[in-house]
Amino acid sequence: MSHPALTQDHPILDDFRQAMRRVASGVALVTTGDVEGNRFGIAMTAFMSLSFDPPSLVIAVNRTASIHKPLLANGAFCVNVLSDSQEALCQDFVSRASHDRFGAGEWLADERGIPYLPGALSNIFCAVGSRQSSGSHDVIVGLASRVANRDEISPLLFVDGRYGAMAGS
Ligand SMILES: Cc1cc2nc3c(=O)[nH]c(=O)nc-3n(C[C@H](O)[C@H](O)[C@H](O)COP(=O)(O)O)c2cc1C
């Protein structure tokens, strides 16, 4: 029995893209800073819990993204998990040039200069653990060092190229 994908004439990439459109993700603004006080951040859906022992997550960062180099240089970052009321902030963040993103939203900085968004559902501060390159991206383990959670659980979702909210949240 042949696998359905192998019988198709067109490249698998199109089907893969369509498959990923059916995967719902949370959305986060992943941030870091450098010693000169510059702030870096990107919107991200490729983040997920890795383990509770130790508390860790993984993020996938495009090596061409403006945050890639400073994140590795700093060795630490923050995953700001967005709420469904923060879609406009996310859009604003995505549309602005990298040096201009922190004008939108109210940001604070931790003692290491890592920007965080107190209004996010969660701020998960991480130290960079292991790293694996794969194609265009680096898969980076984040070892959680500090976490702040708001009371509500109403995540911003991204599915089929659109933002949405959880039913009933
Ligand atoms: C909804 C959404 C999800 C994204 N997820 C990721 C992601 O998981 N990893 C990543 O490297 N870039 C992701 N991006 C792209 C980055 O936000 C950013 O636009 C891109 O890396 C270019 O960054 P730069 O302008 O800072 O170089 C996503 C963009 C959007 C709009």
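Quick notes on this structure:
- Computed extension length for M166-V23: 50.1 nm, one decimal, from 0.36 nm per residue of separation with the Cα-Cα distance subtracted.
- Set against the 2.2 N^0.38 Å expectation for a compact globular protein, the chain has a Cα radius of gyration ratio of 1.10.
- Förster radius 25 Å - calculated FRET efficiency between S136 and F52 (Cβ-Cβ, nearest 0.05): 0.25
- As computed over region 42-138, the Cα convex hull volume per residue (Å³): 111 Å³
- All Cα-Cα separations within region 100-164 were binned at 10 Å from zero, giving a P(r) of 16, 33, 44, 7, each value a whole percent of the pairs.
- Helix-only CD estimate at 222 nm, as mean residue ellipticity for the chain, using -39500 (n - 2.57) per DSSP H run (n ≥ 4): -4500 deg cm²/dmol
- Contact order, relative form, for the chain: 27 percent (alpha carbon pairs under 8 Å, 6 or more residues apart, mean separation divided by residue count).
- Each of M44, M20 has some number of other Cβ atoms within 10 Å of its Cβ, and from fewest to most they run M20, M44.
Every number in this text was worked out from the coordinates using simple rules, so none of it is lab data. Bear in mind the structure is a predicted one, so any value in this text is a computation, not a measurement. We place every Cβ from the backbone using ideal geometry, glycine too, and count neighbours over all the protein chains shown.
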